[in-house]
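The values are calculated or read from the model by the stated rules, or taken from the named source; none is laboratory data. Remember, it's a predicted structure, so these values are computed and weren't measured experimentally. Cβ atoms come from the backbone with ideal geometry, glycine included; neighbour counts cover every protein chain shown. What goes into the accessible areas is simple: the full protein's heavy atoms, side chains included, and nothing from ligands, DNA or RNA. Shrake-Rupley method; radii C 1.70, N 1.55, O 1.52, S 1.80 Å.
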Amino acid sequence: MQAKQAVVRYPEADSTNSLALELGRQGAAHGTVVVADRQTGGRGRAGRCFVSPPGGLYMSVILRPDLAFAHLRLVTLAAGVACSMVLEKHGIAPLLKWPNDLYCGRKKLGGILTETAPWSAAPPGVPFVVVGIGLNVNSLPADFPPPLRDLVTSLSEITHRCHDLDMLRREIVRQLDSLVAGLERNPETFFSLWRQRDFLLGKNISWQDENGLVVHGAGAGLRPDGRYRLRTPDGLIHPILAGVLKVHPGNQVEPGRS
Ligand code: BTN
């Protein structure tokens, strides 16, 4: 990626991911970043909305990675690691709730939504992915609607100071680019970085699949194909690819080995 990041900036956007998908279709270069000071229609995983008040970092990075199709899902995980590694330099140590959330304690600090466009998009034959990153940086829980206030936290709330959004953006994009470039060459290093930050490991969790079926168990770690393992009390392993994982209060469960 070029040393100077190409940045398209908006004071307000519906969703930076939607804008970046459009730019990607028009052929925008690898590493182009769309950033907005606030979003009116921020999108999250599973069709949820992502509340995006001023003070947060809302950006979407267009990547044209040289990756096997099966590895594309690892890009979301790489974005989580990139955010954590950068935030660790700024005084906090978020954990990663598979596949796309950053947590500090029991509170959500941010999320990642990776979207792809049809492989036929221009320029011909060059696929692209949009990595949308939303982090609560200088926003405070009071900036969120009441039902969310107890569930979110921010970098400012934890460190008691304001942070430079442009600097964080530059650092995260650089880190993401370097992790994605290393995915094919050295996947083990990447998996180890992710596993050191696993929020769900050993926690009491449940998984709801697309058809509404709920399975309870313990978080048992990331598989090399990017799926997450849920271990049921009778020792069965479910490799999870999609759907929603919830954390439940109560004693941590021994994750065991598989
Ligand atoms: C989630 O929590 O499920 C993922 C949230 C992803 C939010 C980011 S903010 C920038 C980009 N634009 C969007 O509409 N969504 C992503």
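Using the Cα centre as the reference, give the magnitude of the dipole from point charges on the C-beta atoms of the stretch 141-258 (Lys, Arg: +1; Asp, Glu: -1; all else neutral), rounded to the nearest 20 debye.
On the way: 15 positive and 15 negative charges, 52 e Å.
Dipole size: approximately 260 debye.
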**Item:** Cα-derived Rg to Rh of the stretch 204-247, Kirkwood definition
**Value:** 0.93
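Under the rule that an exposed site lies in a DSSP loop and has at most 15 other Cβ atoms within 10 Å, name the longest stretch of the chain with no GluC sites (Glu not before Pro) of that kind, not counting the sites themselves.
Numbers: sites that count: GLU12, GLU210.
Result, exposed sites excluded: 13-209.
Taking the Cβ of ALA36 as the center, what net charge do the other residues with Cβ under 15 Å away carry, scoring Lys and Arg +1 and Asp and Glu -1?
-1
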**Request:** Pop out the carbon and sulfur fraction of the accessible area of the chain as a percent, whole number, probe 1.4 Å.
**Result:** 55
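Charges at C-beta only: +1 for Lys and Arg, -1 for Asp and Glu. How large is the resulting dipole of the stretch 26-157 about its Cα centre, in Debye rounded to 20? The partial results should precede the final answer.
Details: 12 positive and 8 negative charges, 54 e Å.
Roughly 260 debye, rounded to the nearest 20.
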**Complete:** Among VAL75, VAL131, VAL214, the residue with the largest mean-square fluctuation in a Gaussian network model of the chain built from Cα contacts under 10 Å is VAL214
**Asked** Reachable aspartates and glutamates from LYS107, Cα under 12 Å, same-chain residues fewer than 8 places away excluded?
**Response** ASP150, GLU157
**Request:** Arrange the peptides 176-182, 230-236, 15-21, 220-226 so that the one whose residues have, on average, the most other Cβ atoms within 10 Å appears first.
**Result:** 15-21, 176-182, 220-226, 230-236
**Item:** Selection from ALA78, LEU168, CYS104 lying farthest towards where the dipole of the stretch 74-168 points positive, charges on Cβ
**Value:** CYS104
**Asked** With every protein chain present, what is the per residue accessible area of the stretch 120-221 (1.4 Å probe, Å²)?
**Response** 46
**Complete:** Candidates GLY132, GLY105, GLY42; GNM for the chain (alpha-carbon contacts under 10 Å) flags as most fluctuating GLY105
**Request:** With a bin width of 10 angstrom, please list the P(r) values of the stretch 105-201 as percents of all Cα-Cα pairs, from the 0 bin to the one holding the largest distance.
**Result:** 12, 31, 35, 17, 4
**Message:** Please report, in whole Å³, the volume per residue of the convex hull around the C-alpha atoms of the chain.
**Reply:** 131
